[in-house]
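To keep things clear, I will list the structure first and then write my remarks on it.
The values are calculated or read from the model by the stated rules, or taken from the named source; none is laboratory data. As the structure is a computational prediction, the values presented were derived from the model and not from experiment. With ideal geometry, Cβ positions are generated from the backbone for all residues, glycine too; neighbour counts draw on all protein chains shown. Just the protein is used for accessible areas: all its heavy atoms, side chains included, with ligands, DNA and RNA removed. Shrake-Rupley method; radii C 1.70, N 1.55, O 1.52, S 1.80 Å.
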Amino acid sequence: MSGLQRRRGTCVLTVHRVVGRPESVHDVRRESFSSMVEALAKRGPFSVELARPEPESFVVTFDDATGDHLEVARELAERGIPAVFFATFGLLGRPGHLDGAALRELVRLGHVVGSHALDHAPLADLPREELRMQTFDSKEGLEEVVGEPIRFFAPPGGIGHPALAGELERAGYAASRSMRWDIYRAAAERWDVPSLPVTEYTVRSGWIVQAALRGSLPVSMRAAAAARAVMPQAVRGRIRRRLVVRG
């Protein structure tokens, strides 16, 4: 496969908090995030389309609608870069999270709001009726808040459910972004859209920019992804707690 063929597809980025000083392994420094965005902006367009991959484009997504996201959204809008912000309906207005007015401002800035479920509970073992509430009720609630259709979903923690795709399609979603590490290449993946994790470590290691430019994961990132895929969720949690970035 040639370099050009490998680059075909969308590089979807998953961001959590963008902060001055990282306190979690999911955090990324503002300076690191800005440098990454500048590097990617030189290579391809930014999009907010997750229902199908657009060749050699980038989609920036944010999970949890935390308080720092509004400032980041404004900065991206000034650069003409749209993004997708996944909000948990039941956490709106809670300490550390955006409220309804902030979500409406995101939309006014040209961004898109998606659902991050109803209460951020893991979906994997939920009965079908509760899964339906997490997908349908969160969509309905967010649509009332922002006044626009909610087309995209992201399961909390990236943990899906065997019936998730069916419930999402039934509820009227167009795609679901996962936390499976890869480049988004085919519309058939729209209910399990792969992404790349944007953290202080992955940005500083060069993984994100390398993957975006090559259209494939660097060897070291592929190895980490393979290990992550077979690792029990409880073990992942313990490792994340030990790898908290404090520098």
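Data for the structure
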read-out	value
Unmet criterion (only one of (1) open to solvent by less than 50 Å² (accessible area, probe 1.4 Å); (2) out of contact with any helix residue (DSSP H, G or I) (no Cβ under 8 Å at 6 or more places or on another chain); (3) in a loop (DSSP other than H, G, I, E, B); (4) closer than 18 Å to P156 by Cα) for F86	(3)
Subset of the stretch 130-163 (residues that are farther than 15 Å from T88 by Cα and surrounded by 23 or more Cβ atoms within 10 Å (Cβ to Cβ))	none
Long-range neighbours under 6 Å by Cβ, at least six apart or interchain, first residue modelled with pLDDT of 95 or more within the stretch 59-80, second part of a helix (DSSP H, G or I) and open to solvent by less than 30 Å² (accessible area, probe 1.4 Å)	F62/H69; L70/A102; A73/L106
Some residue of the stretch 20-40 being hydroxyl-bearing (S, T, Y), touching a residue at least 24 places away in the same chain (Cβ under 8 Å) and under 26 Å from L168 (Cβ atoms)	no
Selection from the stretch 203-223 of residues that are under 25 Å from R30 (Cβ atoms) and modelled with pLDDT under 90	A212, L213
Within the stretch 39-81, considering residues that are among the small types (G, A, S) and closer than 25 Å to A121 by Cβ, the one most open to solvent (accessible area, probe 1.4 Å)	G67
Filter pass, E71 being over 27 Å from P45 (Cα atoms) and assigned to a helix (DSSP H, G or I)	no
First in the stretch 91-110 and in contact (Cβ under 8 Å) with a residue 60 or more places away in the chain, second anywhere and open to solvent by 40 Å² or more (accessible area, probe 1.4 Å), Cβ under 9 Å, 6 or more apart	none
Hits in the stretch 212-235 - residues which are polar (S, T, N, Q) and open to solvent by 60 Å² or more (accessible area, probe 1.4 Å)	S220, Q233
Any hit, the stretch 129-141, residues being in a loop (DSSP other than H, G, I, E, B) and either of a type outside the set (A, V, I, L, M) or closer than 25 Å to P55 by Cα (or both)	no
Any chance G93 is surrounded by fewer than 17 Cβ atoms within 10 Å (Cβ to Cβ) and over 20 Å from V12 (Cα atoms)	yes
Whichever residue in the stretch 180-211 is open to solvent by 10 Å² or more (accessible area, probe 1.4 Å) and in contact with an Asp or Glu (Cβ under 9 Å, 6 or more places away or on another chain) and, among such residues, is nearest to F62 (Cα to Cα)	T199
Residue pairs meeting the criteria (Cβ under 7 Å; at least 6 apart or on separate chains; first at pLDDT 95 or above, in the stretch 115-127; second of a type in the set (D, E) and assigned to a strand (DSSP E or B))	H116/D63
